[in-house]
Amino acid sequence: MAEAITPRATDYSQWYLDVIKSAKLADYSPVRGCMIIRPNGYALWENMQAALDGMFKETGHENAYFPIFIPQSFLAKEADHVEGFAKECAVVTHSRLKVDDEHGLIADPDSKLEENLIVRPTSETIIWDTYSRWIQSWRDLPILMNQWANVVRWEMRTRLFLRTMEFLWQEGHTAHATEQEAVDETLTILDIYAKFAEEYMAVPVIKGVKTASERFAGAVETYCIEALMQDGKALQAGTSHFLGQNFAKAFDCKFQNKDNELEYVWATSWGVSTRLIGALIMIHSDDQGLILPPRLAPKQVALVPIYRKDEDMQVVLAAAAEIEKELKAAGIRIFVDDRDGFRPGWKFNEYEVQGVPIRLALGPRDVANGTVEVARRDTGEKQSMSREGLADSIAELLESVQQGLFDSALAHREENTRSTDSYDEFKQILDEKGGFVSMHWDGTAETELRIKEETKATIRCIPLEGYEEDGVDPVSGQPSKSRVLFARAY
RNA sequence: CGGGGUGUAGCGCAGCCCGGUUAGCGCAUCUGCUUUGGGAGCAGAGGGUCGCAGGUUCGAAUCCUGCCACCCCGACCA
């Protein structure tokens, strides 16, 4: 046994870190809280990017790129925004190093910058400064823009993928002539996020609205998708913000409308990050390691050739090459592991730990019989399949794995979503079972805060659908118009 | 920032209380032979400023002082 993965039941946090390490997704860096994304992790991210990017473009968005440095003064322009981000900004103050006799290498005092630069924690400010120059007329609108970038937030406590000081994400920033158009955009993106999570990641999500206290700094309304992890904790998987005219006012971004009047521009911003990889790991994987949904898996199928003698090797590798060609032609991402210095058992284990959805084993016996051994990672089932029509069988199996992962994640969420009208029962559910708890809430920040302080549970969202009903908040005794979803969260 | 912990080979650790030959062990690595349908076996080899800086001592990984870093648990967050 090279490295053991801590079982989930023993220590869920350690299990999560062990899975990342043994699947070679990421590594720690010399700098606290930063993460090295290894090829296995990055390939996964690239597949996520490709799918999302396609959906953004289909809905009329274009990619651009803005600088990593933002003048410090920009951050000060939107009051809520600065309050939200000021405490976690990396600040660049000098432009040079020099060797000092006493202290070694130091920032050269003579190179102190005229104005400090902030390493972007998000790009609203620099983008709205730019939009104020780009937008004059209603003809300049809308602007539907996205960027793939890295951002830095100086977090106090970090966790690989879930919260790192630097992370990769996409941030969309759109500008509109009317409030309705901006709200519609916010919801269009929310739908894209939910579709991506469910159809590609096989992660069921709940669409909802954040409460005022959980809202993005500078937003009028924050919409989100929330997912439930295997340990019963919730994770915010993506957010889409309706920014109103807040940033337009802060950066004096006005346009002349068809009636010849000056109006402030309406805004949205939205993002998902490498945190999604964390969600993927926590939702599907098991004590043996990572489990990847086929649609995002960099390797969908790994073929392990088995042979003893040299003449067997020739025959087996030739058959493996045929299978490879056949499956590739059918658009399946297959990898033939013909490395000689590793034994089959070792390879079986490697692909299991790395979450490859389907593993094929091909030995002299199979070649003689015209079969191949097929093992699926999610259920562990093994079967012998005929080489006849193999590409179709595998494609079907991949779909079945994809659907199976979604179904079991959904079943888990449903089993762990409970409704209550009693605060005592609410606490009991959180302590004994975890998961989502649906309860009435009077809509006040006071009650929300009290519940958070007493139970560590937060309102994950006010779901968009299916939770409206008249009732009473059991904590305050005040009337309520809708249930909301509470959970302890990452 | 508060609480706890850890720094010794690439990784994981022992040794430290009670100072004393050449600082050990497991995994990994390299070489050779045998192996190959579920993480191979045997034999050999390489690899260390014991976190950093002072101090005590004939002698410090070990005792003392100071510093630094990282990890875990809380408050904050995509």
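The values are calculated or read from the model by the stated rules, or taken from the named source; none is laboratory data. In this text, all values refer to a predicted model and were calculated from it rather than measured experimentally. Cβ atoms come from the backbone with ideal geometry, glycine included; neighbour counts cover every protein chain shown. Side chains included, ligands, DNA and RNA excluded: accessible areas come from the protein's heavy atoms. Shrake-Rupley method; radii C 1.70, N 1.55, O 1.52, S 1.80 Å.
Listed values, structure above:
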quantity: Enumeration of residues in the range A:228-250 that are on the phi < 0 side of the Ramachandran plot, in a loop (DSSP other than H, G, I, E, B) and surrounded by fewer than 23 Cβ atoms within 10 Å (Cβ to Cβ); calculated: A:230, A:231, A:233, A:245
quantity: Positions within the range A:156-171 being within 6 Å of RNA strand B (Cβ to nearest atom) and touching a Ser or Thr at 6+ places or on another chain (Cβ under 7 Å), in sequence order; calculated: A:164, A:167
quantity: All positions within the range A:200-255 that are aromatic (Phe, Trp, Tyr) and within 30 Å of residue A:401 (Cβ to Cβ); calculated: A:200
quantity: Among residues of the range A:142-180, those that are more than 14 Å from residue A:61 (Cβ to Cβ) and open to solvent by 20 Å² or more (accessible area, probe 1.4 Å), counted; calculated: 18
quantity: Counted residues, the range A:19-45 - those being more than 10 Å from RNA strand B (Cβ to nearest atom), open to solvent by less than 80 Å² (accessible area, probe 1.4 Å) and in a helix (DSSP H, G or I); calculated: 7
quantity: Complete set of residues in the range A:368-408 that are open to solvent by 40 Å² or more (accessible area, probe 1.4 Å) and within 16 Å of RNA strand B (Cβ to nearest atom); calculated: A:368, A:369, A:373, A:379, A:380, A:381, A:382, A:383, A:384, A:386, A:387
quantity: Helices (runs of 4 or more DSSP H) wholly inside the range A:259-359 that include at least 2 residues being assigned by TED's automatic domain parsing to the domain that holds residue A:225 and surrounded by 22 or more Cβ atoms within 10 Å (Cβ to Cβ); calculated: A:275-284
quantity: Considering residues of the range A:409-427 that are of a type in the set (Asp, Glu) and in a helix (DSSP H, G or I) only, the residue surrounded by the fewest Cβ atoms within 10 Å (Cβ to Cβ); calculated: A:424
quantity: Options A:91, A:99; residue that is β-branched (Val, Ile, Thr) and touching a residue at least 12 places away in the same chain (Cβ under 8 Å); calculated: A:91
quantity: Residues of the range A:279-296 satisfying the condition of being touching an Asp or Glu at 6+ places or on another chain (Cβ under 8 Å) and modelled with pLDDT of 95 or more; calculated: A:284, A:291, A:294, A:295
